[in-house]
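The block underneath contains the structure these notes are about, expressed in structure tokens.
The values are calculated or read from the model by the stated rules, or taken from the named source; none is laboratory data. Note that the structure is a prediction, hence the values are computed from the model and not measured. Counting neighbours? That spans all protein chains shown, and the Cβs are built from the backbone with ideal geometry, glycine included.
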């Protein structure tokens, strides 16, 4: 990990760090993602939310499989301020699309601070509605859509599950929440405990939430679609897989979210990986802990898909 990546993110260096991330983060082309013909990949556009133009998505599926496939509708991480829809795909295709015979849609939602709440979650909702409406044409099984994401993308996943429930939109069969970024209040015990220690610490977290929320940062009436930890009613949601490391900033808010789902009568599978920091499986993908986490996620996906 480079020195810049170890330093907490502050408002003063946000623009520079965004430029550094955009230059350094892999952004494979459609041709590279096809992996010599193993996958069918296309960039597609969906009608965006009102005033938001189009939403860009990357659609990928194993090549040569006829018929509609279950869909993993995936939202990338990056603190709401970094990341892209392309960089996450090689791993998703290798680890899940091919062995589980899944289609994947990765969403290029707008990033803060250029776009603030509700723009990112509305982009994700618009793309989801399009995916369900165009399922037959795109080769998706509209009755087997799983929402998923990591870090900020997992927070958006939780928000999207709430939003589509409340709007009567597409009904996903599961939500995969990997180290979710859920609580703008940034005041949990783990947040304080991991300050200056975790790869994404309390200072970086505050910077990202401020970029997303602007003047609404810390508002008492902030909607749960902005910060899902604010939700008071979690019934009627799809089954959730909630994963977090024991040594990361998001530990306590992720655990609290799973508990809130249980209290509402919902279904959640919670994993707290001992000693794991934020992004542990990206930093050390071959570590035994990372492989255990991948196995647990994959088993949950198989159960949700009935495979």
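Each residue in the range 226-240 was checked for being out of contact with any strand residue (DSSP E or B) (no Cβ under 6 Å at 6 or more places or on another chain), part of a loop (DSSP other than H, G, I, E, B) and within 28 Å of residue 302 (Cα to Cα), and 5 of them qualify. Look at the range 26-41: where a residue is touching a residue at least 40 places away in the same chain (Cβ under 8 Å) and at positive phi and a partner is crowded, with 16+ Cβ neighbours inside 10 Å and not in a loop (DSSP other than H, G, I, E, B), sitting 6+ places away or on another chain with Cβ atoms under 9 Å, you get 35/41; 35/90; 35/93.
Scoring residue 190 on the criteria (1) more than 25 Å from residue 115 (Cα to Cα); (2) surrounded by fewer than 20 Cβ atoms within 10 Å (Cβ to Cβ) leaves a single failure, condition (2). Count of the range 241-262 residues, restricted to those that are part of a loop (DSSP other than H, G, I, E, B) and either touching a strand residue (DSSP E or B) at 6+ places or on another chain (Cβ under 8 Å) or more than 13 Å from residue 199 (Cβ to Cβ) (or both), is 2.
Going by the conditions given, is residue 178 touching a helix residue (DSSP H, G or I) at 6+ places or on another chain (Cβ under 8 Å), closer than 20 Å to residue 60 by Cβ, in contact (Cβ under 8 Å) with a residue 24 or more places away in the chain and surrounded by fewer than 24 Cβ atoms within 10 Å (Cβ to Cβ)? Yes: the conditions hold for residue 178. If you check residue 276 against the conditions, is it over 29 Å from residue 103 (Cβ atoms), out of contact with any strand residue (DSSP E or B) (no Cβ under 8 Å at 6 or more places or on another chain) and either modelled with pLDDT of 95 or more or not in a loop (DSSP other than H, G, I, E, B) (or both)? Against the criterion (over 29 Å from residue 103 (Cβ atoms), out of contact with any strand residue (DSSP E or B) (no Cβ under 8 Å at 6 or more places or on another chain) and either modelled with pLDDT of 95 or more or not in a loop (DSSP other than H, G, I, E, B) (or both)), residue 276 does not qualify.
Meeting the requirement of 3 or more residues that are in contact with a strand residue (DSSP E or B) (Cβ under 9 Å, 6 or more places away or on another chain) and farther than 30 Å from residue 20 by Cα, the strands (runs of 3 or more DSSP E) wholly within the range 67-164 are 69-75, 140-150.
Within the range 31-55, the set of residues being buried (at least 16 other Cβ atoms within 10 Å of the Cβ), more than 21 Å from the chain's Cα centre (by Cα) and part of a helix (DSSP H, G or I) comprises 34, 35. For residue 92, the conditions (1) within 15 Å of the chain's Cα centre (by Cα); (2) on the phi > 0 side of the Ramachandran plot; (3) free of Cβ contacts under 8 Å to residues at least 40 places away in the same chain are fulfilled apart from (2). Against the definition (farther than 21 Å from residue 160 by Cβ and out of contact with any strand residue (DSSP E or B) (no Cβ under 9 Å at 6 or more places or on another chain)), how does residue 202 come out, yes or no? Against the criterion (farther than 21 Å from residue 160 by Cβ and out of contact with any strand residue (DSSP E or B) (no Cβ under 9 Å at 6 or more places or on another chain)), residue 202 qualifies. None of 83, 148 is within 12 Å of the chain's Cα centre (by Cα), more than 23 Å from residue 223 (Cα to Cα) and at pLDDT 95 or above except 83.
Within the range 278-288, the set of residues being touching a helix residue (DSSP H, G or I) at 6+ places or on another chain (Cβ under 8 Å) and surrounded by 15 or more Cβ atoms within 10 Å (Cβ to Cβ) comprises 280, 281.
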